[in-house]
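Novice: Could you have a look at this structure, given as structure tokens, before my questions?
FYI, it's all coordinate maths here, none of it is from the lab. Bear in mind the structure is a predicted one, so any value in this text is a computation, not a measurement. Virtual Cβ from ideal backbone geometry, glycine too; neighbours counted across all protein chains shown.
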Amino acid sequence: MKLSTRGRYGVRLMFDLALNFGKGPIPLKDIAKRQDISEHYLEQLVAPLRRAGMVTSIRGAQGGYELSKRPEEITVGDIIRVLEGPIAPVECAGENTPYESSCKRADKCVARLIWERLRDSITSLLDSITLADMCEDAGKLSEKRDNYMYYI
């Protein structure tokens, strides 16, 4: 399974908003600069996230975007589902795909059991990681970088 840039960049967008949670609205141009993503592309990503109730937009000179919920309440799985659709390695093993409608062999397909287990593993992982977890991990990474001692 390969995520598109929509999912990958969307997670980075939401991560940036989580890092700045509580600081007021963040302009997309600032996020674009920090995350090295086109502002135009971020505009395309933020629209479905806003419709899904994950971000709110504030208009005006001091406007921008902010998370609609606390970072602890938004998972990576939530973001991926909004931007990529259902999490499934193959169509017949979708999260809400009825057996009968996906394939005429669904009731006797052993491979489908593998794809469902793979889907469940991916879903479990993505749903276990919140934006707050990502912020915490980012802090740990920056601490490691800051603890190096360089000798010449």
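Novice: Only Lys, Arg, Asp and Glu count, each charged at its Cβ (+1, +1, -1, -1), so figure out the dipole size of the chain about its Cα centre, rounded to 20 debye.
Specialist: Result for the chain is approximately 360 debye, rounded to the nearest 20.
Novice: Based on the Cβ-Cβ distance of LYS140 and ARG59, what FRET efficiency does E = 1/(1 + (r/R0)^6) give at R0 = 41 Å, to the nearest 0.05?
Specialist: E(calc), rounded to 0.05, equals 0.70.
Novice: Now, a different point. Near ARG6, within a Cβ-to-Cβ distance under 15 Å, what is the net charge of the other residues, with Lys and Arg +1 and Asp and Glu -1? Walk me through the numbers on the way to the answer.
Specialist: Details: positive: LYS2, ARG8, ARG12, ARG50, ARG51, ARG81; negative: GLU43, ASP78, GLU84.
Computed value for this residue: +3.
Novice: Next up: Pop a pseudo-label 7 angstrom from the Cα along the beta-carbon direction at both SER128 and ALA47 and give the gap in nm to one decimal.
Specialist: Roughly 3.6 nm, to one decimal.
Novice: Return the loop-located trypsin sites (Lys or Arg not before Pro) in segment 31-66 (DSSP other than H, G, I, E, B) with at most 12 other Cβ atoms within 10 Å of their own Cβ; answer none if there are none.
Specialist: ARG59
Novice: Under a plain spin-label model, where a point goes 7 Å from the Cα along Cα-to-Cβ, how far apart in nm are ARG8 and CYS103?
Specialist: With each label placed 7 Å out from Cα toward Cβ, I get 2.8 nm.
Novice: Roughly how many nanometres apart are two label points built 7 Å out from the Cα toward the Cβ at GLU95 and SER121?
Specialist: Between GLU95 and SER121, the label points sit 1.9 nm apart.
Novice: Quickly estimate the mean residue ellipticity at 222 nm for the chain, helices only: each DSSP H run with n ≥ 4 gives -39500 (n - 2.57), and the total goes over all residues, rounded to 500.
Specialist: It comes out at -17000 deg cm²/dmol, rounded to the nearest 500.
Novice: Let me ask something else. Treating only the Cβ atoms of Lys and Arg (+1) and Asp and Glu (-1) as charged, compute the dipole magnitude of segment 57-142 about its Cα centre; round to the nearest 20 debye.
Specialist: With only Lys, Arg, Asp and Glu charged at Cβ, the dipole is about 300 debye.
Novice: Now a separate question. Test of understanding: in a Gaussian network model of the chain with alpha carbons linked when under 10 Å, which of ALA138, ALA106, ALA61 would top the mean-square fluctuation ranking?
Specialist: Among ALA138, ALA106, ALA61, the largest mean-square fluctuation in the Gaussian network model of the chain belongs to ALA61.
Novice: If you don't mind, another one. Quick one: Cα centre-to-centre distance for segment 115-139 and segment 1-74, in angstrom?
Specialist: So the two Cα centres are separated by 19 Å.
Novice: Using the Cα atoms as the points, what is the convex hull volume per residue of the chain in Å³?
Specialist: Hull volume normalised by residue count: 155 Å³.
Novice: Here is a follow-up. Once you have the Cα-Cα distance between SER68 and GLU84, take 0.36 nm times their residue separation minus that, and quote the gain in nm to one decimal.
Specialist: Extra length available between SER68 and GLU84 comes to 3.8 nm.
Novice: Could you grab the relative contact order for the chain? Cα pairs under 8 Å, six or more apart, rounded to a whole percent.
Specialist: Details: 170 pairs, mean separation 37.1, N = 152.
The value is 24 percent.
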